[in-house]
Amino acid sequence: MLSLHNPFPTTPKPSLNLNSSTPPFSTTFKPHFPNTLKPPKPHKPHFTTRTQSLLQYNRKPQLAGETPRVVVITSGKGGVGKTTTTANVGLSLARLGFSVVAIDADVGLRNLDLLLGLENRVNYTVVEVLNGDCRLDQALVRDKRWSNFELLCISKPRSKLPIGFGGKALVWLVDALKSRQEGSPDFIIIDCPAGIDAGFITAITPANEAVLVTTPDITSLRDADRVTGLLECDGIRDIKMIVNRVRTDMIKGEDMMSVLDVQEMLGLSLLGVIPEDSEVIRSTNRGYPLVLNKPPTLAGLAFEQAAWRLVEQDSMKAVMMEEEPKKRGFFSFFGG
């Protein structure tokens, strides 16, 4: 009689017990291989370190402090990147899962809506809300890309504020955002106008934290030092600094102050360092912030890291860059 014999005997498959302390790749299980086949080479788990690092950096940051956190982004000097920082940090916070309301407090010279690509959707402003012409939720412009990000403009372009508008009116506005029916936002970011006049005083009045944007040049540092003193006089003690438009090649050539020099001059905690990037101009003209670019740029990644530190109220440390030794030529032997 012809009998069928399986030359490859089957072995029971190991069951994976999630509650057991034994690892799934246990040495107690020894599969059987026939003589005609060679056993495969043992697989080394080379991915352990990489997996741990991915899990560490892919976690959601823990929100520190009481919500909503009212943060004013200021500098004193114009053209250093306050509005760019507000747009990119605000959208980075929204991408991390936090609800954000960005307030453009620059009266008559608003630009935040242009950088976000929302200029055609701003129908009402805070002035109409105070006059009773519309509700607060009608003045809030929700971003279509990230629904947890909203924009609120103080006034329309080329318009003047009423005489009674000041810091108390902005405090009332922030309190209204805290007590609205949809829920209080996690972050209220105020884009402060340039200078230290009445618009600056109005913008910093409801804030509890401040992000000072500066560039590594002496004119910007002088204004930043002056603004730091005004913020401390207003009772804002949590002040962090973002150094924008940093060029490492000029720092190595001693043509630009290093981030460490800037931090020593101002004496502030460092929130982020943004490198010089030509993509900033392209993203501004398109109304598409840097943090949404694919693939991300160096400046966009730096803004995302700054937003991460802002959530956890963390800071970074600047290190001294070692200069490359100069190449000595043939005539250096003769003192050339």
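List of remarks:
- Counted residue by residue at 0.36 nm each, then reduced by the alpha carbon distance between them, the extension gain from THR248 to GLU182 reaches 19.2 nm.
- Computed over region 137-269: relative contact order in percent, which uses C-alpha pairs under 8 Å that are six or more apart: 17
- One compactness figure for region 118-161 is 1.15, namely its Cα radius of gyration divided by 2.2 N^0.38 Å.
- Nitroxide proxy distance, nm - points 7 Å out along Cα→Cβ at LYS168 and GLN62: 4.1
- Fully extending the segment from CYS233 to LYS294 would add 17.7 nm, taking 0.36 nm per residue of separation and subtracting the current Cα-Cα distance.
- For ARG282, the solvent-accessible surface computed with a 1.4 Å probe is close to 130 Å², ligands and nucleic acids excluded.
- Largest-first ordering by accessible area, 1.4 Å probe, given options LYS156, LYS82, LYS77, LYS168: LYS168, LYS156, LYS77, LYS82
- Per-residue SASA entry for ILE281, accessible area with 1.4 Å probe, Å² rounded to 10: 110
- Members of LYS82/LYS156; LYS178/LYS317; LYS60/LYS168; LYS168/LYS317; LYS77/LYS178; LYS178/LYS240 lying beyond 27 Å, as alpha-carbon distances in this model show: LYS178/LYS317; LYS60/LYS168; LYS168/LYS317; LYS77/LYS178
- Given their separation in residues at 0.36 nm each and the Cα-Cα distance between them, ARG145 and ASP314 gain 58.1 nm when the chain is fully extended.
- Equivalent ellipsoid semi-axes - Cα gyration tensor, region 181-246, angstrom: 23, 14, 11
- FRET E, pair ARG222, GLU264, Förster distance 22 Å, beta-carbon r, rounded to 0.05: 0.90
- Each label was represented as a point 7 Å from its Cα along the Cα-to-Cβ direction; for GLU276 and LEU114 these points are 2.3 nm apart.
The values are calculated or read from the model by the stated rules, or taken from the named source; none is laboratory data. If you're wondering where the values come from, they're calculated on a predicted model, not measured in any experiment. Cβ atoms come from the backbone with ideal geometry, glycine included; neighbour counts cover every protein chain shown. Just so you know, the surface numbers come from the protein's heavy atoms only, side chains and all, with ligands and any DNA or RNA stripped out. Shrake-Rupley method; radii C 1.70, N 1.55, O 1.52, S 1.80 Å.
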